[in-house]
Every structure is written in C-alpha cells, then in structure tokens.
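Some notes on the structure that comes next.
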Amino acid sequence: MNCFNEDLIQRYIDNEISESEKNFIEKHIKECDTCASKLEEQTSLSSFVKGEINSIYTDNKAIPKINIEQNEGKIIKLKDFIITLSVACSIVIGLFFFTRNNENEINNASIVQSIEFDIDANKTITEQDMIITVVGPDGEVSEILIN
Amino acid sequence: MYRVAMKMINDSYSVSDIVQDVFIYFYEKNKQRKKIEYPKSWLYRATVNKCIDFIKQNSKFESLNTNIEFIDNKENLEKSKIIQQALLKLKPTERSLIILYSEGLSYRELAEATDIKFSSIGKTLSRTLKKLKVELKKKEDELF
C-alpha cells in the first residue's frame with residue numbers, strides 16, 4: 001500500500017494540493033488507519049500551533065479602508081477635461097462654419113443691395129425701367145439699368 | 001505586518017518603528033522605480049527581516065515586555081512569553097515561516113517571503129510544527 005508522507009499530508013491540510021492528489025488521499029485514508037490517524041494528528045497540530053501563535057497578538061485592529069480618492073479625482077478631472085475639450089471643439093467648429101456661412105451671406109447680400117425703380121403709369125409692367133444698385137464686396141457701388 | 005511583527009517582538013513601540021521603517025523603505029524603492037514583483041510578500045519579508053535584526057541587536061538585553069495593553073491577565077502574559085520563547089528556539093527562517101503561516105499566507109507567498117523553495121514548504125512546515133510543539137512542551141515543563 002502506498003502510504004503518503006508528511007509533506008503531502010501538510011499540503012492536503014493547507015489545501016495546496018492538486019485534485020488528483022486530493023482524490024488519492026481521500027481514497028487512501030478510507031483504507032489505511034495509519035494514514036488516517038497521521039492526518040488527524042497533523043491537522044490538530046497545525047491548528048494548535050496556529051492558535052497558540054495567534055494568541056500572542058489577539059487585538060484585531062480595524063484596518064481603515066484605503067481610499068484612492070486621488071486617483072478617482074484624477075479620473076473625474078480627466079473626464080471633465082475630455083468633456084470641456086469636446087464642447088470647446090464643437091464651439092470652435094460651429095463658429096468656423098457659422099462665420100463662413102455669414103461671409104457667403106455678406107458676399108451675396110453686398111452684391112445686390114437694393115432694387116429701385118420709378119413706376120411710369122403710361123407703361124405696362126413689362127415695359128417699366130428698373131435700376132439695380134449693386135455694392136461689391138470691395139465697397140464699389142454701381143447701378144445697372146434694365147429696360 | 002504589524003501583527004507579524006508583534007508575534008515576533010511583542011513590543012508595540014519597537015514594532016511601530018519597524019513597520020514605519022519598512023514602509024519608508026518600500027516608498028523609497030518605489031520612488032527609485034525599482035520594480036517589486038510581489039509587494040505583499042516583499043512587505044512581509046522586509047518586516048520579518050527587520051524583526052530578526054531587532055532581536056539580534058537586543059538579544060543582550062532582557063525583554064521588558066512593554067506590550068501589556070492587550071494581555072489582559074497574568075496567565076495570558078505567561079502563555080505569551082512561553083510561545084515567544086519557544087519561537088526563539090527555532091531557526092530564523094523557521095520562525096518566519098511559522099509566523100507567516102499563522103497569518104494564513106499561501107505556500108507561494110511563504111516561499112516568496114522566506115528563503116525556502118516552494119516545493120519544500122510543506123515538508124519544512126510539518127517539521128517546524130513538530131519542533132515548535134516540542135519546544136512549547138519543554139517551556140511549559142520548565143515553568144510549571
């Protein structure tokens with residue numbers, strides 16, 4: 001019969017053992033009284049020594065929870081930074097397109113400033129003279145007469 | 001760490017100093033960007049080594065056992081003394097191993113914190129447990 005050594009028993013007690021070794025021990029102790037009593041003896045020795053050593057210092061001081069506020073703070077700051085940056089970017093992009101559109105509007109509007117004509121009652125609407133005043137983008141004023 | 005040091009030294013003032021020193025050393029190591037692979041085991045190892053150094057330095061003097069705040073009666077004080085004297089009979093590595101074992105460290109952590117090979121932890125532990133039991137018996141017989 002393959003009896004096991006103290007090393008294996010100790011590892012079994014401390015659950016530092018593979019599943020196959022565990023199965024082997026559990027099967028073996030059912031058949032071998034020597035190993036079963038060895039295991040019992042070593043288990044009680046382990047818990048006895050642990051208990052004795054732990055009795056030296058029994059005051060279990062409550063360990064305060066370690067807060068990692070700094071890191072959390074950094075994360076929040078980073079989030080804020082990303083949000084601010086994205087808002088700023090959208091404002092800049094918006095302004096860029098808005099000003100571009102405005103420029104186009106100014107260019108268009110400045111070409112045709114006003115249409116002025118005097119109505120001649122003796123003529124039909126299609127025969128009326130029409131004067132269109134045009135202000136160019138450079139500020140030049142010109143009048144176009146349409147008959 | 002504090003508990004481990006208390007089990008080794010049993011002097012709350014010295015233990016506080018030791019734990020503080022270990023943390024300062026740990027902080028400086030980190031500051032120098034020296035990588036500590038297993039911080040938990042490293043801290044335990046450093047604490048145990050510091051305690052061993054302290055015991056060596058103070059071995060000439062009789063321990064005053066200033067740690068009376070948690071030993072509520074004379075019987076417990078005597079018991080605590082017996083256990084510590086029995087622990088002192090072990091080799092430093094064995095003493096560290098058994099104290100760290102009582103703290104519930106895994107075999108991997110025990111191997112990292114002591115100079116014992118991972119494959120030898122079980123064997124060394126079972127031997128040390130028996131040795132300590134014998135020492136405890138001797139000390140109790142001496143006293144009573």
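Taking into account only those residues within region B:90-111 that are closer than 17 Å to B:LYS50 by Cβ and surrounded by 20 or more Cβ atoms within 10 Å (Cβ to Cβ), which is nearest to the other protein chains (Cβ to nearest Cβ)? Ranking the qualifying residues of region B:90-111, first place goes to B:ILE99.
Applying a threshold of 6 Å to beta carbon distances and a minimum spacing of six or more residues, or different chains, the list of pairs starting in region A:8-29 at a residue that is within 14 Å of A:GLN42 (Cα to Cα) and ending at one that is β-branched (Val, Ile, Thr) reads A:ARG11/A:ILE17; A:TYR12/A:ILE25; A:ILE13/A:THR43. Taken over region A:12-46, the criterion of being within 25 Å of B:LYS137 (Cα to Cα), assigned to a helix (DSSP H, G or I) and within 48 Å of the chain's Cα centre (by Cα) is satisfied by A:ILE13 alone.
Table: residues versus (1) farther than 18 Å from B:LEU87 by Cα; (2) within 15 Å of the chain's Cα centre (by Cα).
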position	(1), (2)
B:GLN20	yes, no
B:ILE24	yes, no
B:TYR27	yes, no
B:GLN32	yes, no
B:LYS35	yes, no
B:TRP42	yes, yes
B:THR47	no, yes
B:CYS51	no, yes
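Among the strands (runs of 3 or more DSSP E) confined to region A:89-147, the ones with at least 3 residues that are among the aliphatic types (A, V, I, L, M) and modelled with pLDDT of 70 or more are located at A:130-135, A:141-146.
The values are calculated or read from the model by the stated rules, or taken from the named source; none is laboratory data. Everything numeric here is computed off the predicted structure, so don't read it as measured data. Neighbour counts run over all protein chains shown; Cβ positions are idealised from the backbone, glycine included.
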